[in-house]
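Below is one structure, written out as structure tokens; comments come after it.
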Amino acid sequence: MGTASVLIAKATAIRNGIKVAVQVGFTDIHIEGDNKILIQAIHSDIKVPWEIQVLIQDIHTYIQLCSNVHITYIFRQGNCVAY
């Protein structure tokens, strides 16, 4: 799987997760991700890669519907679920 494919898959997962959380009524959300580029793109710290521009826009739209959202980058080694 290429780098762009991984980025798209992880961005899609975050977008879908936030969407479902909002749909069921959650407004206080904490997201942890191990893809630094994706987390920086969501935080608007970097120019959003073109492959995920629409997904990032969707994520921002859903975040605006929440009262409290924390998005944190974690090192892959700290993400025990990934192993």
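Below are the figures for this structure:
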| read-out | value |
| --- | --- |
| Residue under evaluation Tyr83, criteria (1) in contact with a Cys (Cβ under 7 Å, 6 or more places away or on another chain); (2) modelled with pLDDT under 95, criterion not met | (1) |
| Filter pass, Gln40 being out of contact with any helix residue (DSSP H, G or I) (no Cβ under 8 Å at 6 or more places or on another chain), loosely packed, with under 13 Cβ neighbours inside 10 Å and polar (S, T, N, Q) | no |
| Candidates Lys19, Lys10, filtered to the one that is in contact with a helix residue (DSSP H, G or I) (Cβ under 8 Å, 6 or more places away or on another chain), surrounded by 16 or more Cβ atoms within 10 Å (Cβ to Cβ) and of a type in the set (Lys, Arg) | Lys10 |
| Cβ pairs under 9 Å, 6+ apart, first in the range 57-78 and surrounded by 13 or more Cβ atoms within 10 Å (Cβ to Cβ), second among the aromatic types (Phe, Trp, Tyr) and not in a strand (DSSP E or B) | Cys66/Phe26; Val69/Tyr62 |
| Per-region count, the range 17-44, residues over 9 Å from the mean Cα position of the chain (by Cα) and either free of Cβ contacts under 8 Å to residues at least 24 places away in the same chain or part of a helix (DSSP H, G or I) (or both) | 11 |
| Given (1) touching a Cys at 6+ places or on another chain (Cβ under 6 Å); (2) surrounded by fewer than 14 Cβ atoms within 10 Å (Cβ to Cβ), number of the condition Ile46 does not satisfy | (1) |
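The values are calculated or read from the model by the stated rules, or taken from the named source; none is laboratory data. Quantities reported herein were computed from a predicted structural model and do not represent experimental measurements. For neighbour counting, all protein chains shown are included, and Cβ atoms are generated from backbone atoms with ideal geometry for every residue, glycine included.
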